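One structure is given below, encoded as structure tokens.
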Amino acid sequence: MQPTNTADPAYFHKVVDCQWACPAHTPVPEYIRLIAQGRYGDAYMVNWASNVFPGILGRTCDRPCEPACRRGRVEEENAEKPEPVAICRLKRVAADFKEDVVPRMPRPLASNGKRIACVGAGPASLTVARDLAPLGYQVTVFDGEYKAGGFMHQQIPRFRLPESVIEEETGYVFALGAEFKAGHRIDSMKALMAEGYDAIFVGCGAPRGRDLDLPGRQEAAEHIHIGIDWLASVSFGHVSKVGKRVIVLGGGNTAMDCCRSARRLGGEDVKVIVRSGFDEMKASPWEKEDAQHEGIPIINMHVPKAFVHEGGRLTGMTFEVVRAEYDAQGKRKLVSTGEPDVFFACDEVLIAVGQENAFPWIERDCGIEFDKWGLPALREGTFQSTQPKVFFGGDASYGPKNIITAVAQGHEAAVSIDLMLNGEDVSVRPSARTNLVSQKMGIHEWSYDQDPSNDLRYKVPWAKAEKALASIQVEVELGFDPRTALKEASRCLNCDVQTVFEPKLCIECDGCVDICPMDCITFTANEDEPQLRQELNAPANNADQDLFVSSELKTGRVLVKDEDVCLHCGLCAERCPTGAWDMQKFLLLTAKAGSSANPIAATVERTLA
């Protein structure tokens, strides 16, 4: 193998698994250390620069960072089911216990006279507005509803996300100078373009829920509802009760929100029925657990066949029982088990089988091209449409994902808009800001705690069931208190504090090999990667994580380190007699619109100074 190019920031970034996995690349270990120090406001601002909505995401994020967390891979001896650090819920701690952060928000630059329209007030549009308004752009956000937040406000139930949190964090965006035109639905792209905006961002989401065209659908329509529309009606107070027997169709997070909402609105017999197996459901594991915790059964491998009704009154549904068969390529097919169809009685059905994009307001002759799936044709990596002044992001760009992905896409679209309006090539993306600094404070002292706790993951406390299920407004999760937050933060392995090796100083004494608790360091003859991975002191079988390979040492061997299971404990650096190993903190802040002039980046740098 060739020597690892540690001058490439992407190498060390990938070692910080949680930050690498986060679509917005939030510097997770950095803010967890700040929480452990009780610096909640600092932790909030570090989050806010990256993900814009720390309080919202601390309650609702899909947590792509947590499956990537190294903690879950290295504590297999400590628990039957190793669990990552509670990264998401620690984010909420920063939001819950921060001081007033308004004085720390960036001060916008003078107006540059350029006008930008954002269609929709969801997370992608609000991210664009947050990134561009401080640079002096006149940003106007349009939405057909009277409160900002998009699906965060309309479809996430209040027992998961209180309205006060949404209003606080969307309020920070508009305090930076963006204008919100509430109750102003855009119904013509041509008309909007004619208003002379220098750029238009479309972040209107995926507003149409999929329906099921089954026998009885039209006859019993009064008692059958599209899940996302029903959740919006609940959010706005148009729906305040539900039938006692409710079937929810679908296996995603929307289905989980529907069933838990129905339980709180009077549903006594609420069940979720899914075509797939339990493990194949698209809902996040914790969402499924929360539903089951509230006594809602999930019935798998049942395909809906018909809505059963009597004179227009829904009485139930019939289902075919199926099993999964897989071909040689691993493609799944559902086949009947041959059992008789199953009937479940119900009073109402909520359909949550997916969402679709819908752009009836965008005229097809306005210069914006769409693909065969009805999605806009976008320039790779830029979110720019075939109409150069029009950009897309969030669910409106590549289909339904989640809040943190919408935020990440909003950042990238804001970069593109800023580049375009400054006459630059939108495909030439600015570099992230990176830093690598030694943490050495003495012979055996470091500026961080390299002795992580061996505790298992702490559980987030819940409100009592009788209180939580009695009202859809009562928040279920109570969040960590500061003491528990400190304990959970202490489980973090500080993966951003990198083991940096200097081959010229190495005398090949093997001291680092002897002391490494994970057997992840090996001095060996160089080989091709597949063979080298198997000849290490402990085979490196996770090919998704890189090996560190040094340049050739004096004996002709190379030092190889398996980054996958390294604890970042610093013992190799303490043991090394020549200082060939050092622990250096790596910080990466993704590029935002405005490059070096960006007031948001300056805010974070002041926080960490």
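Taking a cut-off of 17 Å between Cα atoms, list the lysines near K554, but don't count ones fewer than 8 places away on the same chain.
Result set, ordered by chain and number: K504.
How long are the semi-axes of the ellipsoid equivalent to the stretch 456-609, from square roots of 5 times the Cα gyration tensor eigenvalues, in whole Å, largest first?
41, 23, 16
How big is the antiparallel share of DSSP beta bridges in the chain, given as a percent to the nearest 5?
Percentage antiparallel, nearest 5: 60.
Just tell me, in residue order, which DSSP H segments of the chain are both 20 angstrom or longer along the helix axis (alpha-carbon based) and at least 0.0 in mean Kyte-Doolittle hydropathy.
Counting only whole DSSP H runs, the qualifying helices are 403-421.
Please compute the modelled spin-label separation between R483 and R323, points set 7 Å along Cα→Cβ, answer in nm with one decimal.
Result for the modelled spin labels: 5.3 nm.
Tell me, in nm to one decimal, what length is gained between M441 and T524 on full extension, where the rule is 0.36 nm per residue of separation less the Cα-Cα distance?
Between M441 and T524, full extension yields an extra 26.7 nm.
Using a 1.4 angstrom probe, figure out how much accessible area the stretch 88-188 has per residue, in square angstrom, rounded to the nearest whole.
Solvent-accessible surface per residue comes out at 35 Å².
Taking DSSP loops as anything outside H, G, I, E and B, show the longest stretch in the chain free of chymotrypsin sites (Phe, Trp or Tyr not before Pro) there with at most 12 other beta carbons within 10 Å.
My reading of the result: 374-609 is the longest stretch.
Find the percent of Cα-Cα distances in the chain that exceed 49 Å, and round it to a whole number.
Of all Cα-Cα distances in the chain, 17 percent exceed 49 Å.
So, with a 1.4 angstrom probe, what is the percent of accessible area on the chain that is carbon and sulfur?
Of the solvent-accessible surface of the chain, carbon and sulfur hold 49 percent.
What does the charge count near W373 come to, summing +1 for each Lys or Arg and -1 for each Asp or Glu among other residues with Cβ under 14 Å from its Cβ?
After counting each charged neighbour, the total is -1.
Please tell me which of these pairs span more than 21 angstrom C-alpha to C-alpha: K401/K467; K288/K401; K114/K592; K271/K331; K288/K464?
As for pairs spanning more than 21 Å Cα to Cα, those are K401/K467; K271/K331.
For labels at S471 and H184 in the simple 7 Å Cα→Cβ model, what's the distance in nm?
Taking the simple label geometry, S471 and H184 are separated by 3.5 nm.
Can you compute the helix-only [θ] at 222 nm over the chain? Use -39500 (n - 2.57) per DSSP H run of at least 4 residues, normalise by all residues, nearest 500 deg cm²/dmol.
It comes out at -8000 deg cm²/dmol, rounded to the nearest 500.
The values are calculated or read from the model by the stated rules, or taken from the named source; none is laboratory data. The shown structure was predicted, so the numbers you read here are calculated from the model rather than taken from an experiment. Note that each Cβ is placed from the backbone with ideal geometry, even for glycine, and that neighbours are counted across all protein chains shown. Surface accessibility is based on the protein's heavy atoms, side chains included, excluding ligands, DNA and RNA. Shrake-Rupley method; radii C 1.70, N 1.55, O 1.52, S 1.80 Å.
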